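Undergrad: Below you'll find the structure I mean.
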Amino acid sequence: MNLPSNAPALPPLDAALDPARDAAIAAGLQQVNLSRWLAVGSLVALVVLSVAWELYLAPIKPGGSLLALKALPLCVPLAGLLKNRMYTYRWVSLLVWLYFTEGAVRAYSDRAPSSYYALLEVFLCLTLFTACALHVRLRLRNAKSTLSTPDLTADSERNAP
């Protein structure tokens, strides 16, 4: 049976039984899960820090202030991160820069202990951004590697009559 030259080549039957490839895929999935939980953990820590900072630890006014409501926008993406939605990871990596900016400004302008909490906010923002960016990159790379098949066009052209 002659196939057209532009027909996709089928992978060999033993390609699905390659233990090295299976181990690489498992390691990739483990890295994706680690970046996922790092992103979720840093987001939850950022929410807790924001609320505690403005209500108990170093409020602007005694008794707390409405600035604690700044944690509400951070609660929105939590469901998307827990459901492992790629789009949520992408836009959280943009949203986090607003909190990074607030932390950088308050680390410079506030007095201790508020400046220490601001530095912690900056650290958590950088951790969240790194985890989100790494998660997106790893998921795309793993999806590409699991869908890729060996290129057999050179072999089929060599064996063509």
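Undergrad: Kindly indicate whether any position in the stretch 135-148 is in contact (Cβ under 8 Å) with a residue 24 or more places away in the chain, among the hydroxyl-bearing types (Ser, Thr, Tyr) and surrounded by 14 or more Cβ atoms within 10 Å (Cβ to Cβ).
TA: Checking the stretch 135-148: not a single residue is in contact (Cβ under 8 Å) with a residue 24 or more places away in the chain, among the hydroxyl-bearing types (Ser, Thr, Tyr) and surrounded by 14 or more Cβ atoms within 10 Å (Cβ to Cβ).
Undergrad: Note down all Cβ pairs under 6 Å where the first residue falls in the stretch 59-76 and is part of a helix (DSSP H, G or I), the second is at pLDDT 85 or above and acidic (Asp, Glu), and they're at least six residues apart or on different chains.
TA: Leu67/Glu54; Ala68/Glu54
Undergrad: Further, regarding this structure: Looking for whichever is surrounded by fewer than 16 Cβ atoms within 10 Å (Cβ to Cβ) and not charged (D, E, K, R) here; the options are Ser42, Ser50, Ser65, Ser35. Which one fits?
TA: So the residue among Ser42, Ser50, Ser65, Ser35 that is surrounded by fewer than 16 Cβ atoms within 10 Å (Cβ to Cβ) and not charged (D, E, K, R) is Ser65.
Undergrad: If you check every pair at least six apart or on different chains, which have Cβ atoms under 8 Å apart with a residue in the stretch 98-119 that is without any contact (Cβ under 8 Å) to a residue 60 or more places away in the chain and part of a helix (DSSP H, G or I) first and a residue that is basic (Lys, Arg) and surrounded by 15 or more Cβ atoms within 10 Å (Cβ to Cβ) second?
TA: Close Cβ pairs (under 8 Å, with a partner that is basic (Lys, Arg) and surrounded by 15 or more Cβ atoms within 10 Å (Cβ to Cβ)) amount to Tyr99/Lys70; Glu102/Lys70; Ser115/Arg106; Ala118/Arg106.
Undergrad: Could you list all residues from the stretch 120-161 that are at pLDDT below 95, among the acidic types (Asp, Glu) and part of a helix (DSSP H, G or I)?
TA: Matches in the stretch 120-161: Asp155, Glu157.
The values are calculated or read from the model by the stated rules, or taken from the named source; none is laboratory data. Because the structure is a prediction, the values reported are computed rather than measured. Every residue, glycine among them, receives a Cβ derived from its backbone with ideal geometry; neighbour counts consider all protein chains shown.
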